[in-house]
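Below you'll find the structure, written out as structure tokens, and then a few comments.
The values are calculated or read from the model by the stated rules, or taken from the named source; none is laboratory data. Small disclaimer: the values here were computed from a predicted structure and weren't measured. So basically every Cβ, Gly included, is an ideal-geometry build from the backbone, and we count neighbours across all protein chains shown. Protein only, heavy atoms only, side chains kept; ligands, DNA and RNA dropped before computing areas. Shrake-Rupley method; radii C 1.70, N 1.55, O 1.52, S 1.80 Å.
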Amino acid sequence: MNEAMVISLLLGSLAAMVPIALTSIGAVISERAGVVNIGYEGILMFSAFFGAMFAELAGNGWVGILGGAFIGLLFGVLHGILTVYLKGDHVIPGIGLNLLGYGAVAFGIRAYWGTAGQHQVPSNAQISPLWMDAFGNSLSPMVPITIAVAIIAWWVLFKTPFGLRIRAVGENPEAADALGINVELYRFTAVLIASALAGVAGAYLSVDWLGTVTKQIAAGRGFIALANMVFSGWNPIIALGGAFLFGFFDNFAIYIQNNPWLAGTIPWQFIATLPYVVTLIVVAGIIGKARPPKWDGRPYKRE
Amino acid sequence: MNLKNELRGYVKPVAESVLAILIGAFIGALVLWFSGYSPGSAYYWLIKGSLGSTDGIAETLSKSAPLILTAITFAIGARTGLFNIGAEGTVYFGAIAAIIVTQYLQNPLAGILAGLFIGALWALPAAVLKVYRGVHEVISTIMFNWIAFFLVSWLAVSVYYNPKDPNSTLPIPPGARLPLLVKGTSLSWAFIIAILSAVVVFVVMWHTKLGYELRTSGQNPRAAEYGGINPKRSAIWSFVIGGMTAGLAGAGIVMGTPPSYAITQGLANVYGYGFDGIGVSLVGRNHPLGIIFSGILFGALSAGATAMQQHAHVPLEMIKVIEGIIIIAVAVPGLLDLFARLFRRGEA
């Protein structure tokens, strides 16, 4: 492996890190407040689609990112009402949302752009890279933004009264309630932040990293983000590192696939399973014990 | 008297499912209308394509078979208090196991048993992680689904590939294929196996000691433990039985679906049944007999989608949109009461 390869692998891993990190950081905030959402895959799909649509209408990629955040927020409102206010099951709406996302995006690409399965986002609607070399390696402005989001999320969660309350309603809503904290409001807010972050991640897929909308654009990243959240022990900074690792394995599998000598020795599919295997090992407490917030996924009803 | 009460217990959940289906159809119609398609024409062809001919009905029932089986996987989990969403990966393994075993033993029974066995085996790690390490099954089963995807892809592409057709695995040998129920259609014994499985699971869950233990563990784990029921045993059985039906689903797809009788490229023809089964189970209220009906409904949606695309020119992915809305509607707690309240307010 030479220097050019290392740089390409590193930049590829950073690019792949962004959507997983943003979605996981959101999921960390939501679950710290006690709300489980497994519908991020669907949110990624929807916001990749609408993000591209808005970016093209405005001729500006950043409008797409904001549009993605807005679409994510809408689904957050839906999930929040169902789980936080109607005290419904946390898992089922996510399953519905994922199915809806796959169907709606494939349907939407045909209905809106009239092409089957794939639409190229024009370059004026994409986000220009911060830096680029002659070999096509590039660095997106979303990479430093994502790193900043991780640090801010960590600081807010663990160093501010707002973060303390978020964690309190996920850990012990009864005590929080007794202290006069509006459990529902904090849970709802956390769901909105999480969904908006997933919305940004989805739009990043279409208007920045991949530059195209496809009918399977999320490709499981919503679920990978959930795995990474567990891997991180519900910590935004570790989630950033975990997302980089997932991104690295992703790129490394492609690298093996394209390298005839290595492809003969290790099947790339084995490398591709590594992030999931590692997550299982971590969750099983063999490397370190992962413990979710106590009231994670449980509706809170005042007695 | 007792029968009357029992019937009443069924009416509300059935009404809620029907309402959710209507909401899905209604919002689906709105989406079609906004996108410039004719909802009337789309729904006409959807119904005509799935129920309007012998071929259509055969296709509907054929598509419903794996859905019924993967729905049972989720339903057994739900009844025992577990969110087992591992049916997806188990289906892949059931399919590849049937292909591998029937290369040597050219007998349909061998393929079916291979699916059952590998399904039970693949379900065990998640069960063990849950019981002995407290790993939440949503996380572990999602991880195992991805691991299954890559491992079975490797087996399909690198080991059991078809040298004559790069787009698929080796086919099930003719002697091990499930006989067709109606000649010239895709309806095979896989459908009968699915229905039988649903009935067997119903009997086990509601008329045996094991089923009683499983359901009690789901309804009230603490009471179950006081009553001398071992919750660990219940959880393991729940995963294992669920794994068997999902494995059977995979074996049934490759052994009973002409013309290919193989796994196609990218696992395309075995992909998605596990996830769709969750929706089928929810609409069927996690009850094996309800699942037979909702499985046939989802089968009809998927069978009618092709006709809808051909004749009404509506992309067949529209069906997933409707399915997704139905599931979200099912997830609304007290949907019926909420609707009744809105309606009453409208009158006042």
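From the square roots a ≥ b ≥ c of the eigenvalues of the alpha-carbon gyration tensor of the range A:1-119, which class results: rounded (a/c under 1.5), prolate (a/b over b/c), or oblate? Oblate, since a/c reaches 1.5 and b/c is not below a/b. Projecting the Cα positions of A:142, A:101, A:37 onto the charge dipole of the protein assembly as shown (unit charges on Cβ atoms of Lys, Arg, Asp and Glu, taken about the Cα centre) puts A:37 furthest along the positive direction.
Charge tally around residue B:275: other residues with Cβ under 13 Å, Lys/Arg +1 each, Asp/Glu -1 each, net -3. Remark: the range B:138-147, residue by residue, has Karplus-estimated 3J(HN,Hα) of 4, 5, 5, 5, 5, 4, 5, 4, 5, 4 Hz, where x stands for each Gly or Pro and the curve is 6.51 cos²θ - 1.76 cosθ + 1.60 at θ = phi - 60°. Of B:285, B:79, B:133, the residue with the greatest mean-square motion in the GNM of chain B, using alpha carbon springs below 10 Å, is B:133.
Shown here are the Rg and Dmax of the Cα trace of the protein assembly as shown, at 24.3, 82 Å. Annotation: amide H of residue B:188 within the under-5 Å range of B:181, sequence separation 5 or more or interchain, hydrogens built in the peptide plane.
Keeping the other protein chains in place, figure out the carbon and sulfur percent of the accessible area of the protein assembly as shown, with a 1.4 Å probe.
67 percent
Dipole size in debye (nearest 20) for the range B:145-222 around its Cα centre, Lys and Arg Cβ +1, Asp and Glu Cβ -1?
160 debye
Quick check: Cα centre of the range A:183-237 to Cα centre of the range B:105-148, how many Å? Taking the Cα centre of the range B:105-148 as reference, the centre of the range A:183-237 is 28 Å away. With loop membership from DSSP and a limit of 16 other Cβ atoms within 10 Å, the longest segment of chain A without trypsin sites (Lys or Arg not before Pro) is A:88-288.
Return the FRET efficiency for the residue pair residue A:130, residue A:254: r is the Cβ-Cβ distance, R0 is 25 Å, and the value is rounded to the nearest 0.05.
0.65
Relative contact order of chain A: 36 percent, from C-alpha pairs under 8 Å at least 6 residues apart in sequence.
To the nearest 500 deg cm²/dmol, what mean residue ellipticity at 222 nm is calculated for chain A from DSSP H runs of n ≥ 4 alone, each contributing -39,500 (n - 2.57), summed and divided by the residues?
-22000 deg cm²/dmol
A Gaussian network model of chain B, with springs between Cα atoms under 10 Å, assigns the largest mean-square fluctuation among B:280, B:204, B:330 to B:204.
Over the whole of A:85-94, what's the average partner chain Cβ count within 10 Å per residue? Rounded to a whole number, please. Averaged over the peptide's residues, the number is 5. How large is the helix-only mean residue ellipticity at 222 nm for chain B, computed as the sum of -39500 (n - 2.57) over DSSP H runs with n ≥ 4, divided by its residue count, in deg cm²/dmol to the nearest 500? Calculated mean residue ellipticity at 222 nm is -25500 deg cm²/dmol. The Cα-based radius of gyration and maximum Cα-Cα distance (Dmax) for chain A are 19.4, 65 Å. For the range A:209-286, the mean projected area of the C-alpha convex hull, equal to one quarter of the hull surface, is 6.3 nm². Under the rule a/c < 1.5 gives rounded, and otherwise a/b versus b/c splits prolate from oblate, where does chain B land using the Cα gyration tensor? Judged from the Cα gyration tensor, chain B comes out oblate (a/c at least 1.5, b/c at or above a/b).
Using C-alpha pairs under 8 Å with a sequence gap of at least 6, the mean separation divided by the residue count of the range A:150-277 gives a relative contact order of 18 percent. Taking a straight line from the alpha carbon of residue B:130, these lysines sit under 20 Å away, with near neighbours fewer than eight places off in the same chain left out: A:289, A:294, B:232.
The relative contact order of the range A:77-138, computed from alpha carbon pairs under 8 Å that lie at least 6 residues apart in sequence, is 14 percent. When chains B and A come together, the accessible area they lose, probed at 1.4 Å and totalled over both chains, is close to 3700 Å². Near residue A:118, no amide H atom lies under 5 Å from its own; only residues 5 or more places off or on other chains count, and H is placed 1.01 Å from N. In this calculation the C-beta distance from residue B:260 to residue A:182 is compared with R0 = 51 Å, giving a FRET efficiency of 0.35. Placing R0 at 35 angstrom, the Cβ-Cβ distance between residue B:336 and residue B:208 gives a FRET efficiency of 0.65 after rounding to 0.05. Peptide A:102-115 shows a mean partner chain C-beta count of 5 within 10 Å per residue C-beta. Summarising the label geometry, the points placed 7 Å from Cα in the beta-carbon direction at residue A:115 and residue B:225 lie 5.7 nm from one another. Dipole orientation for the range B:186-284: of the candidates B:228, B:266, B:241, B:228 has the Cα lying most toward the positive pole (charges on Cβ; Lys, Arg +1; Asp, Glu -1).
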